[in-house]
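Notes follow once the structure below has been shown.
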Amino acid sequence: MHLLIPAAGSGRRMGSNRNKLLLQVRSRPIIAWTLLAAQASDEISWIGIISQPIDWQDFKKIIADLQLTKPVELIQGGSTRQESVYNGLQSLPANAKQVLIHDGARCLATPDLLNRCAEAIRQCPGLIAAVPVKDTIKVVDENGIIQSTPERSQLWAAQTPQGFGVKLLKQCHAEGVAQGWEVTDDAALFEKSGYQVQIVQGEETNLKVTTPQDLAIAEFIFKTRFGEE
Ligand code: CTP
Ligand code: MG
């Protein structure tokens, strides 16, 4: 299974002056943890890291230090996540029939989750890892007034990996460009194009490291998983 890792962001909400994926959690850069999970997944055979050339020197050093045995390619990122994934899709080897897309910032996803998604994508056109939401969610207008309260049992929080048939996803991305759709995940392009996206049970600990608080939470989850350093 081919895996694309969007890693071309700037980490604005982290308030850091460099790509947040180069920040350390448990003595390793965030992207290193994501790569280790991909390396440990029996299903993943090829890894494409979508990233900005300014980070390539750092990324190459991280890849070399990890001594990964799977082929890894660096692919030029875009100015939005959507553009980055678009570039990644164009750079997939021609034999890639399905693809998993997993955010570099979700460094706590387990190899088991990657394996389950890889197995499931052989049986359906599109899927995402997701977990049921625990909070009651409110729809709020620009004045801070609640407009509605969607039924919680129908709400799921989207994670990555997300998996798709390559041909179909390329088609949805092209449609997105043509129609000017701006979305925050690939499933949304699939949905807008009228294709079904299946849920795969995600992991409570599979958080996206976004703010400085998330660094501390990620540190705690690793400690729980692997013990004291
Ligand atoms: N990403 C990407 N290309 C972009 C923007 C984001 O590949 N132009 C990647 C990020 O590197 C990250 C994933 O998409 O792994 C999810 O994005 P997010 O968590 O929003 O990361 P950033 O965009 O870096 O953070 P922020 O939005 O706070 O600037
Ligand atoms: Mg972002």
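The values are calculated or read from the model by the stated rules, or taken from the named source; none is laboratory data. The structure presented is a predicted model; accordingly, all values stated were derived computationally and were not measured. Cβ coordinates were reconstructed from backbone atoms using ideal geometry, including for glycine residues, and neighbour counts include every protein chain displayed. Only protein heavy atoms, including side chains, enter the accessible area calculation; ligands, DNA and RNA are left aside. Shrake-Rupley method; radii C 1.70, N 1.55, O 1.52, S 1.80 Å.
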### Task
Report the label-to-label distance for THR110 and GLN147 in nanometres (one decimal), using points 7 Å from each Cα along the Cα→Cβ vector.
3.9 nm
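Ordering THR34, THR149, THR205, THR69 from largest to smallest accessible area (1.4 angstrom probe), what's the sequence? If you can, show how the numbers build up before the last one.
Values: THR34 5, THR149 70, THR205 50, THR69 110 Å².
Putting THR34, THR149, THR205, THR69 in descending order of accessible area: THR69, THR149, THR205, THR34.
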### Query
Can you give me the Cα centroid spacing of the range 104-168 and the range 187-225 in angstrom?
7 Å
### Task
Classify the chain as rounded, prolate or oblate, taking a ≥ b ≥ c as the square roots of the eigenvalues of its Cα gyration tensor: rounded when a/c is under 1.5, otherwise prolate if a/b is larger than b/c and oblate if not.
rounded
### Query
Label points 7 Å out from Cα along the Cβ direction at GLN57 and LYS70: separation in nm?
2.8 nm
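What is the antiparallel percent of DSSP beta bridges lying wholly in the chain, to the nearest 5?
On the way: 14 of 31 bridges.
Roughly 45 percent of the DSSP beta bridges within the chain come out antiparallel.
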### Query
Name the residues of the range 43-86 whose amide N is less than 14 Å from a point 7 angstrom out from the Cα of LYS170 along the C-beta direction?
86
### Task
Using just the helices of the chain, give the 222 nm mean residue ellipticity in deg cm²/dmol: DSSP H runs with n ≥ 4 each add -39,500 (n - 2.57), and the total is spread over all residues, rounded to 500.
-10500 deg cm²/dmol
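Relative to the Cα centre, what is the charge dipole magnitude of the range 2-225, using +1 at the beta carbon of each Lys and Arg, -1 at the beta carbon of each Asp and Glu, and rounding to the nearest 20 debye? Walk me through the numbers on the way to the answer.
Numbers: 23 positive and 23 negative charges, 90 e Å.
The calculated dipole for the range 2-225 is roughly 440 debye.
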### Query
In terms of Cα to Cα distance under 19 Å, which lysines are near enough to LYS223, apart from those fewer than 8 places away along the same chain?
LYS208
### Message
I'd like the carbon and sulfur percentage of the solvent accessible area for the range 2-225, probe radius 1.4 Å, heavy atoms only, ligands and nucleic acids excluded.
### Response
49 percent
### Query
How far apart, in nm, are two points set 7 Å out from the Cα along the Cα-to-Cβ line at ALA216 and at GLN90?
4.2 nm
### Query
Any idea which of GLN123, SER10, GLN201 is furthest toward the positive side of the dipole for the range 2-225, if Lys and Arg beta-carbons carry +1 and Asp and Glu beta-carbons -1?
SER10
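Nearest 0.05, what FRET efficiency do LYS192 and GLU228 give at R0 = 35 Å with Cβ-Cβ as r? Walk me through the numbers before you get to the answer.
Values: r = 47 Å, r/R0 = 1.33.
FRET efficiency, LYS192 to GLU228: 0.15.
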